Amino acid sequence: MPEVVVIGGGPAGLSATLNLARALVDVVLVDASRPRNSATLRSHGFLTRDGIRPTELRALAKAELAVYENVEHLERRSVTSVRTDGDGFVVEIAGRAPGEEHIVSAEAVLLTTGLTETLPALPSIRSFYGMSVFSCVACDAWDLRGKPLALIGETPDLARRAVHLARWTTDLTVFTNGSPVVTADEATALNALGIRVERMAIADLEGERGAVHSVLLQDGRSIPIDGGFIRPTWQIATGFIDGLQPQESPEGFLVTDDDGRTSIRGLYAAGDVAAPGPQQMIIAAGNGARTAAAIVADLQVGAAAAVSPIAEILT
């Protein structure tokens, strides 16, 4: 029986699995093999790997994990249920074909499933997403610095995001796509910074071969741009744990302590599923490593619980 099941094969899950393995923890990594950053051609901000393809980073991580005999990596698998069973958890894993279901018991479960995102409903947005239109300003704004850019979104934080993006360009237009998310006061403040606000609904994005050239509005106007950013809406990908009901933040993220412990004993979370901050791979990987250290410490406390003098020292 593994000690830990890690659910999610992104940077947080892969990093956590590596660090758990090196602490001699028996780990099962359940990996749906459908990374959210699969549309991204180059990922930035990861020290020694700046500009790497996310698929290449993933391949390197998988090769490193293959060295450890105490890691079982279940690829192209999805978890259908996590429930408590006495002092541990029972994890039900769907197979690649009907009848191949897999049930695993473990002392602890680490959720690194990240987020599911919904992009603005524009017909051609997938033709440009990850090539000239992005969602992570910290990751990709440097490559678009000094160019005329668009910021497209329908969420109340759009004005704040526009101020942040203006660090990289002096030619920025905020498109609310017909939604009232930028208030009159915010629009006045943005205009004072040289940031334009366009409230007309968007018909589509225009361009070719992944390079966006303009934003086409419903009234027929075409606003030229050389790139842009969108503000997706996000949901945590944890529908399979509904029966456990860990605490969530008002924004819908799992609430954890500084080391990744959720409100459910033995259930941990790392990466974007628990972190509303910058969605960068290096941050997720570091978060996974830190949570792995907490899991190792907690497992050790549990193992020593029967020996009261040691347990008192460890707790």
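The values are calculated or read from the model by the stated rules, or taken from the named source; none is laboratory data. Computed from a predicted structure; not experimentally measured. Here Cβ is always computed from backbone atoms with ideal geometry, including for glycine, and neighbour counts include all displayed protein chains.
Does Val301 satisfy the criteria of being touching a helix residue (DSSP H, G or I) at 6+ places or on another chain (Cβ under 6 Å), in a helix (DSSP H, G or I) and surrounded by fewer than 21 Cβ atoms within 10 Å (Cβ to Cβ)? Yes: the conditions hold for Val301.
In region 64-93, the residues that are not assigned by TED's automatic domain parsing to the domain that holds Leu14 never reach a residue that is modelled with pLDDT under 95 with C-beta atoms less than 8 angstrom apart, at least six apart or across chains. Screening Gly153 with (1) within 30 Å of Arg261 (Cβ to Cβ); (2) surrounded by 16 or more Cβ atoms within 10 Å (Cβ to Cβ) gives one miss only, at (1). Among the residues examined, Ala141 does not qualify as in the same structural domain as Ala285 (by TED's automatic domain parsing) and among the aliphatic types (A, V, I, L, M).
Note on region 245-276: residues that are out of contact with any helix residue (DSSP H, G or I) (no Cβ under 7 Å at 6 or more places or on another chain) and within 23 Å of Gly45 (Cα to Cα) total 5. Among the candidates Ile313, Ile282, Ile241, the residue that is within 21 Å of Thr80 (Cα to Cα) and modelled with pLDDT under 95 is uniquely Ile241. Scanning region 239-256 for residues that are crowded, with 23+ Cβ neighbours inside 10 Å and either under 13 Å from the mean Cα position of the chain (by Cα) or within 13 Å of Leu115 (Cβ to Cβ) (or both) returns a single hit, Leu254.
Within region 222-237, the set of residues being in contact with a Gly (Cβ under 7 Å, 6 or more places away or on another chain) and part of a strand (DSSP E or B) comprises Ile230, Arg231, Gln235, Ile236.
None of Arg231, Arg199, Arg161 is surrounded by fewer than 18 Cβ atoms within 10 Å (Cβ to Cβ), in contact (Cβ under 8 Å) with a residue 12 or more places away in the chain and within 18 Å of Val133 (Cα to Cα) except Arg161. Within region 119-137, the set of residues being touching an Asp or Glu at 6+ places or on another chain (Cβ under 6 Å) and crowded, with 19+ Cβ neighbours inside 10 Å comprises Leu122, Phe134. Restricting attention to region 46-80, the residues being touching a Gly at 6+ places or on another chain (Cβ under 8 Å) and loosely packed, with under 15 Cβ neighbours inside 10 Å number 1.
When Arg42 is tested against the conditions (1) surrounded by fewer than 22 Cβ atoms within 10 Å (Cβ to Cβ); (2) within 20 Å of Thr262 (Cα to Cα), the lone failure is (2). Scanning region 265-279 for residues that are modelled with pLDDT under 95 and surrounded by 18 or more Cβ atoms within 10 Å (Cβ to Cβ) yields a total of 6.
Note on region 205-233: residues that are over 23 Å from Thr116 (Cα atoms), touching a Ser or Thr at 6+ places or on another chain (Cβ under 6 Å) and charged (D, E, K, R) total 1. Looking only at residues in region 170-196 that are more than 20 Å from Arg221 (Cα to Cα) and within 26 Å of the chain's Cα centre (by Cα), the one that is surrounded by the most Cβ atoms within 10 Å (Cβ to Cβ) is Val182.
Restricting region 93-118 to residues that are more than 30 Å from Gly153 (Cα to Cα) and under 23 Å from the mean Cα position of the chain (by Cα), which is surrounded by the fewest Cβ atoms within 10 Å (Cβ to Cβ)? It comes out as Ala94. The listed residues are Asp259, Asp226, and the only one of them that is charged (D, E, K, R), modelled with pLDDT of 95 or more and within 18 Å of the chain's Cα centre (by Cα) turns out to be Asp259.
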